[in-house]
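> Before we start, here is the structure in question, set down as structure tokens.
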Amino acid sequence: MNETKTLIKCRQLTLGYGSKDLVRDLDYDVNVGDYLCIIGRNGSGKTTFLRGLSGLLSPRSGSIEFCDGLQRSEIGFLPQMTVVQKDFPASVEEIVLSAFQGKHRLLPFYRRAQRDRAMECMALTRTESLAKSCFRELSGGQKQRVLLARALCAAERLLLLDEPVTGLDPESTETMYRIIEDLHQKGMTVVMVTHDVDTALDDANRVMDFNDISVKGK
Amino acid sequence: MPELVEKLSFYLDFPFVRYAIVVGVLVSLCSSLLGVTLVLKRYSYIGDGLSHVAFGALAIAAVLKVTNNMLLILPVTVAVAVLLLCTGRNARIKGDAAIAMVSVGALAIGYLLMNIFSTSANISGDVCTTLFGSTSILTLKIEEVYLCVVLSCVVLLTFVLFYHKIFAITFDENFARATGVNTTLFNLMIAVIVAVIIVLAMNLVGALLVSALVVFPALSAMRVFKSFFSVTVAAAIISVVCSLIGIVIAILAGTPVGSTIVAADIVAFCLFYGVSLFRGRGV
């Protein structure tokens, strides 16, 4: 058994919107190689916590510290799909490649290596045959896998997944979980928000229950 | 037919007709490019709102007797665009309500000012011209044409350089921000470009019809094409072709330029809609 290394250290973390604090005084460590599932009822602060980790939301107080040399550019984020995306006229390839926009500042085109990496990520999520397809014509499961491929392009070490299987049929859900498990086996640290408690308990090596935490916070 | 060609070449000898065509092509090209982003981001109505603001600014410029009214209209419109597009989520008054408020307010104040302070004998004619652009495209001065060419080139260049960034932000702003794209900066850039285009397009089709130039080509292209790149290119082509057809028909038939262009855009939309229905059944 390897010694566990901390990847992200949260100390006294408070996150919220407007006048409401959704995460209060949270101390938590995400370790290298974790498959962490975050569960809890709606409004308990799961997504807020994920947004905090991804840097979209700044802490009200406390800190989120990246350890073990983790860079923001090594984090891949799979947000919940928006209405806008559902009927967006774009090819799968365009969407997956857009993951690199944070990395090269001003180049108006993509480099060979980036295109190769994009194909690799599409292969890992079983979407390579869809590269030229139109995003809005895909099934829900395929859409999620494309967005996972995009997150993977951006991620080298950490994947943040916000309800990746919500609204998918059992078969697509199963495929999605298998892909995520494969990625975890290959050394990716995974943090996933989910409502699917059973799978969370089966696959994940750690579970974080926000129902408890918010009670504790009071 | 030969008479029509003759008539057309007769008109093309006039410099103001050539100016109109140059400006028409450039403006419709720019507006359609950004139109795709605006439609997809659910900001279709922003063009309309901003053009009303530009109208209000124009009225103020007329009252203050500013000689080059662009100096006033452009900054005011840019400022409002930035306010509307960039405060977005955090604003106390949400998106569409804010646009409705600003646009109708500017329209009313503009008309009020024009009525109270106007020195012209034909106020309703002036207002009608500004709102529907009935003749303004044919009365462009050479400086205005230069200004339009320069601004359009800046817009086009910016769009081409930042095309992938614009795509990333349009498709998923949160993801783009999480991966380190400076979304605030690019939203600001988009807002400024949109304002510039609206002000330019006001010359072509008038304040009330501007959003047609922004919305129709993008919607037509989205019916049929399936990647962002092809939608963008198609929207640009559709827009330019419709504007050319519109201007030529307007010159030959003596119809108002703005509404003729918009009519051409509507016809194009119907054609593309038809194609998408036909395809949908074929598959």
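The values are calculated or read from the model by the stated rules, or taken from the named source; none is laboratory data. Since this is a predicted model, take the numbers as computed values, not measurements. Here Cβ is always computed from backbone atoms with ideal geometry, including for glycine, and neighbour counts include all displayed protein chains.
> Do you know which residues across the range B:86-101 are at pLDDT below 85 and either part of a helix (DSSP H, G or I) or touching a Lys or Arg at 6+ places or on another chain (Cβ under 8 Å) (or both)?
B:Cys86, B:Thr87, B:Gly88, B:Arg89, B:Asn90, B:Gly95, B:Asp96, B:Ala97, B:Ala98, B:Ile99, B:Ala100
> Now, a different point. At pLDDT below 90 and either at positive phi or in contact with a His (Cβ under 8 Å, 6 or more places away or on another chain) (or both): which single residue out of A:Glu163, A:Glu174 fits that description?
A:Glu163
> Mind checking which residues of the range A:130-145 are within 14 Å of chain B (Cβ to nearest Cβ) and farther than 15 Å from A:Leu183 by Cβ?
A:Leu130, A:Ala131, A:Lys132, A:Ser133, A:Cys134, A:Phe135, A:Arg136, A:Glu137, A:Leu138, A:Lys143, listed by residue number.
> While we're looking at this one, here's another question. Going by what's in this entry, would B:Val63 be described as in contact with a Phe, Trp or Tyr (Cβ under 6 Å, 6 or more places away or on another chain), of a type outside the set (Phe, Trp, Tyr) and part of a helix (DSSP H, G or I)?
It is true that B:Val63 is in contact with a Phe, Trp or Tyr (Cβ under 6 Å, 6 or more places away or on another chain), of a type outside the set (Phe, Trp, Tyr) and part of a helix (DSSP H, G or I).
> What number of residues within the range A:119-133 are in a helix (DSSP H, G or I) and more than 17 Å from the chain's Cα centre (by Cα)?
6
> Shifting gears a bit: Kindly indicate whether any position in the range A:121-129 is crowded, with 22+ Cβ neighbours inside 10 Å, more than 13 Å from chain B (Cβ to nearest Cβ) and of a type in the set (Val, Ile, Thr).
Looking for residues that are crowded, with 22+ Cβ neighbours inside 10 Å, more than 13 Å from chain B (Cβ to nearest Cβ) and of a type in the set (Val, Ile, Thr), one finds at least one in the range A:121-129, hence yes.
> If I ask for residues that are surrounded by fewer than 24 Cβ atoms within 10 Å (Cβ to Cβ) and within 14 Å of chain A (Cβ to nearest Cβ), which ones from the range B:196-221 would you list?
Across the range B:196-221, the qualifying residue is only B:Leu219.
> Further, regarding this structure: Taking the range A:73-88 as the search range and keeping residues that are within 7 Å of chain B (Cβ to nearest Cβ) and surrounded by fewer than 24 Cβ atoms within 10 Å (Cβ to Cβ), which one is modelled with the lowest pLDDT?
Ranking the candidates gives A:Ser73 first.
> Got a number for residues in the range B:39-88 being among the basic types (Lys, Arg), surrounded by fewer than 17 Cβ atoms within 10 Å (Cβ to Cβ) and within 14 Å of chain A (Cβ to nearest Cβ)?
Going through the range B:39-88 one residue at a time, the tally reaches 1.
> Is it the case that some residue within the range A:157-166 is buried (at least 19 other Cβ atoms within 10 Å of the Cβ) and in contact with a Gly (Cβ under 6 Å, 6 or more places away or on another chain)?
yes
> If you don't mind, there's one more thing I want to ask. Residues that are away from chain A (no Cβ under 14 Å) and over 20 Å from B:Ala207 (Cα atoms): does the range B:22-30 have at least one?
Within the range B:22-30, not a single residue is away from chain A (no Cβ under 14 Å) and over 20 Å from B:Ala207 (Cα atoms).
> Still on this structure, I have one more. Which ones in the range B:1-56 are over 30 Å from B:Phe162 (Cα atoms) and touching a Ser or Thr at 6+ places or on another chain (Cβ under 8 Å)?
B:Phe16
> Does A:Arg136 meet the test of being surrounded by fewer than 22 Cβ atoms within 10 Å (Cβ to Cβ), among the charged types (D, E, K, R), without any contact (Cβ under 8 Å) to a residue 60 or more places away in the chain and not in a helix (DSSP H, G or I)?
no
> Report whether or not A:Met208 is more than 14 Å from chain B (Cβ to nearest Cβ) and either at pLDDT 90 or above or closer than 24 Å to B:Tyr163 by Cα (or both).
It is false that A:Met208 is more than 14 Å from chain B (Cβ to nearest Cβ) and either at pLDDT 90 or above or closer than 24 Å to B:Tyr163 by Cα (or both).
> Can you name every residue in the range B:170-195 that is more than 12 Å from chain A (Cβ to nearest Cβ), hydroxyl-bearing (Ser, Thr, Tyr) and more than 22 Å from A:Gly52 (Cβ to Cβ)?
None - no residue of the range B:170-195 is more than 12 Å from chain A (Cβ to nearest Cβ), hydroxyl-bearing (Ser, Thr, Tyr) and more than 22 Å from A:Gly52 (Cβ to Cβ), so the list stays empty.
So that you can scan it fast, the table gives a plain yes or no per residue for (1) in contact with a Leu (Cβ under 6 Å, 6 or more places away or on another chain); (2) farther than 28 Å from B:Gly56 by Cα; (3) touching a residue at least 40 places away in the same chain (Cβ under 8 Å); (4) of a type in the set (D, E, K, R):
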residue: B:Val215; (1), (2), (3), (4): no, no, yes, no
residue: B:Arg223; (1), (2), (3), (4): no, yes, yes, yes
residue: B:Phe228; (1), (2), (3), (4): no, yes, yes, no
residue: B:Ser239; (1), (2), (3), (4): no, no, yes, no
residue: B:Ser276; (1), (2), (3), (4): no, yes, yes, no
residue: B:Arg279; (1), (2), (3), (4): no, yes, yes, yes
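> Could you tell me which residue of the range B:147-169 is nearest to the chain's Cα centre (by Cα), considering only residues that are crowded, with 23+ Cβ neighbours inside 10 Å and within 11 Å of chain A (Cβ to nearest Cβ)?
B:Ile166
> If you don't mind, there's one more thing I want to ask. What number of residues in the range A:141-178 are under 14 Å from the mean Cα position of the chain (by Cα) and not in a helix (DSSP H, G or I)?
Final tally of qualifying residues: 12.
> Under 7 Å between Cβ atoms, which residue pairs at least 6 apart in sequence (or on different chains) link something in the range A:91-104 that is more than 7 Å from chain B (Cβ to nearest Cβ) and closer than 20 Å to A:Cys134 by Cα with a partner that is surrounded by 24 or more Cβ atoms within 10 Å (Cβ to Cβ) and charged (D, E, K, R)?
A:Val96/A:Arg150
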